[in-house]
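Here the structure comes first, spelled out in structure tokens, and everything after it is commentary.
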Amino acid sequence: MPNHPVLTVEGLQRPNPQAGLGPLSFHIDAGECLALTGPSGAGKTLLLRALADLDPSSGMVRVGGRERNGVPAPEWRRLVAYVPAEAGWWHDVVGPHMPAQATVKEIIGALGFPDPVAVLAWPLTRLSSGERQRLALARGLLGEARVLLLDEPTSALDNESRGLVEDLLLARLAAGAAILLVSHDQAQMGRLARRRLHMRQGELVTPP
Amino acid sequence: MTSYLELSYLDLALAALLLVFNAGLSLALGLRLEGRMLLAAVRMVVQLLLVGLVLQALFAQVSLWLTALVALIMALFAGREILARQERRLAGWWGYGIGSATMLLAGLVVTILALNGPLRPDPWYDPRYAIPLLGMILGNAMTGISLGLDNLTVLAHRDRAGIEAQLLLGASRWRALRSVARRALRTAFTPMLNSMAAAGVVFLPGMMTGQILAGVAPEQAVKYQILVLFLIAGATGLGVLAAVMASVWRLTDSRHRLRLDRLT
């Protein structure tokens, strides 16, 4: 696969006395997973939120040839899919949380649910934390996003489920997506990512 | 000769003995409410006596500008009350401004419609009709607007993850906040709906009772009460909808982000 950046970030900045960021500059190539490491409170989640345009920030963020400010925000968030560490839910059952995509049952099945049709009718109250995490990931993977921003995507999963998630992510990388992965699982980062960025106090620093 | 029984200050003092009884209960039961009761009662008496004087002076001068000025002052006070009843407020002037502006909008639109439709005093802005009518409408719409805004901001804060999850799937700010706004609107309309449903069965509305005590025929008093309840419903609907929509707009931005940093 040719090395060309899918995500380019230049001078990304979030001026905020309590939770500031940057300026940060980096890029992720097509088919590349970039691991983002750093202690708690270093600004990793803030960076993912800024890239998804959930919080105001300045600087240039480009996906392919498209600059963030030139793309309507709802469309931008379909290009740059962000799956938070604790995903939100707003309905009593699983189905309404899933975008109307033909691949919904396929992705839910690939994440280890034997009967995806039944899962769509499950009430949220019966979901375990691992099931919630897998379904939140399915929701993020359903669109045609070119960039995936994943915040601890397997923190509540057992080894088998973690393997299924990683298989899906590797398939996305093979298809040319770019992934920015926040994880505290060193082995997982080793399996998925070739490069790492380290953050401390909102800045990118050389890994210790 | 008047058609109603005139009250003396001695009559009021006798009625005030009931409050003294309440204060005694508070003391006996250790509720420690007697001070607040006394203060609230004194405030109520002083405020109403002053309003009586203001209304008497106002009714003597039938002036459009004076009536408009009093209406503006009433809406500004209502805005302050709305702000005080919110757990989480929009920061800066927005919290106060949205409450006051939507109160003024709803109160004026409905009062002017009533004065030029069913009531038709001459002139239409005669303060004897305009001010009490506006007062009743503002007082009731204020409850709805403050409930609506309080619910909206508390729910937006509580349901942040769900709202942002919808934004992340490409929903617009209006779509993502729709369910929160709906719940806020439902809560805001509940007191008005309850008061319409229970009027005449569970309680006799204050205005109607007052008119009957003042010598008005019950049939006319009932018609006035029905008119006022419809006006209150209209103003509450208009005010609550405007206040909730304006707050959704302010709680988000043009990039469809949820801006909880705009709450205090």
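A short reminder: the numbers here are calculations on the coordinates, not readings from a lab. Keep in mind that what you see is a predicted model, and the values were worked out from it rather than measured. Heads up, the Cβs are rebuilt from the backbone with ideal geometry, glycines too, and the neighbour counts pull from every protein chain shown.
Can you give the local net charge around A:Leu127? Use residues other than it whose beta-carbon is closer than 12 angstrom to its beta-carbon, Lys and Arg +1, Asp and Glu -1. Once all neighbours under 12 Å are counted, the net charge is +1.
FRET efficiency for the A:His91 to B:Val54 pair, using the beta carbon distance and R₀ = 51 Å, is estimated at 0.45. For the range B:25-176, the residue among B:Val110, B:Pro121, B:Ile163 whose Cα projects farthest onto the positive side of the dipole built from Cβ charges is B:Ile163.
Dipole size of the range A:10-79 about its Cα centre, with +1 on Lys/Arg Cβ and -1 on Asp/Glu Cβ: approximately 160 debye, rounded to the nearest 20. Shape descriptor for the range A:113-208: Rg over Rh equals 1.00 (Cα atoms; Rh from the Kirkwood inverse mean 1/r). Take each residue in A:88-98, count the other chain C-beta atoms within 10 Å of its C-beta, and the mean is 3.
Label separation (A:Leu170 vs B:Trp249): 5.3 nm, computed from points 7 Å beyond Cα along the C-beta direction. Once you have a ≥ b ≥ c as the square roots of the Cα gyration tensor eigenvalues for the range B:1-157, tell me rounded if a/c is under 1.5, and otherwise prolate or oblate according to whether a/b is larger than b/c. Cα axes put the range B:1-157 in the oblate bin.
Distance between the C-alpha centres of the range A:1-60 and the range A:62-122: 21 Å, rounded to the whole angstrom.
Computed about its Cα centre, the charge dipole of chain A is approximately 320 debye, with only Lys, Arg, Asp and Glu carrying charge at their Cβ. Looking at A:Gly65, A:Pro84, A:His198, which one has the Cα that reaches farthest to the positive end of the dipole of chain A (charges on Cβ: Lys, Arg +1; Asp, Glu -1)? Positive-most Cα among the choices belongs to A:Gly65. With the cut-off at under 14 Å, measuring from each backbone N in the range A:79-102 to a point 7 Å along the Cα-to-Cβ line of A:His184 picks out A:85-86. The length gained on full extension between A:Arg196 and A:Ser40, counted as 0.36 nm times the residue separation minus their Cα-Cα distance, comes to 54.5 nm. Using the Cβ-Cβ distance between A:Thr103 and B:Arg32 with R0 = 45 Å, the FRET efficiency computed as 1/(1 + (r/R0)^6) comes to roughly 0.10.
By counting other Cβ atoms within 10 Å of each Cβ, how are B:Ser254, A:Ser183, B:Ser179 ranked from fewest to most? Working shown, then result.
Numbers: B:Ser254 9, A:Ser183 20, B:Ser179 16.
Fewest-to-most ranking of B:Ser254, A:Ser183, B:Ser179: B:Ser254, B:Ser179, A:Ser183.
Sorted largest first, the principal axis extents computed over the alpha-carbon atoms of the protein assembly as shown equal 101, 46, 44 Å. Per-residue ellipticity at 222 nm computed for chain A from its helices equals -8500 deg cm²/dmol, with DSSP H segments shorter than 4 residues left out and the rest contributing -39,500 (n - 2.57).
Computed about its Cα centre, the charge dipole of the protein assembly as shown is approximately 540 debye, with only Lys, Arg, Asp and Glu carrying charge at their Cβ. For the pair B:Arg160 and B:Val109, label points projected 7 Å from Cα toward Cβ lie 3.3 nm apart. Between A:Gly88 and B:Ala165, the built amide H atoms are under 5 Å apart, and every one of these is 5 or more places off in sequence or on another chain. Seen from B:Thr102, the other residues with C-beta closer than 15 Å to its C-beta sum to a net charge of +2, counting Lys and Arg as +1 and Asp and Glu as -1. Fewest neighbouring Cβ atoms within 10 Å first, the residues B:Trp65, A:Trp76, B:Trp124 line up as B:Trp65, B:Trp124, A:Trp76.
Taking the fewest neighbouring Cβ atoms within 10 Å as the starting point, the ordered list for B:Asp253, B:Asp150, A:Asp92 is A:Asp92, B:Asp253, B:Asp150.
Take the Cα of A:Glu144, go 7 Å toward its beta carbon, and the backbone nitrogen atoms of the range A:62-88 under 11 Å from that spot belong to A:79. Our estimate of slack between B:Arg43 and B:Arg186, defined as 0.36 nm per intervening residue step minus the Cα-Cα distance, is 48.2 nm.
Please find the FRET efficiency linking B:Gln61 to B:Phe21, where r is the Cβ-Cβ separation and R0 is fixed at 41 Å, and quote it to the nearest 0.05.
Rounded to the nearest 0.05, the efficiency is 0.50.
Other residues whose C-beta falls under 12 angstrom from the C-beta of A:Leu164 contribute a net charge of -2, scoring Lys and Arg +1 and Asp and Glu -1. Adding -39500 (n - 2.57) for every DSSP H run of four residues or longer, then dividing by how many residues chain B holds, sets the calculated 222 nm ellipticity at -26000 deg cm²/dmol.
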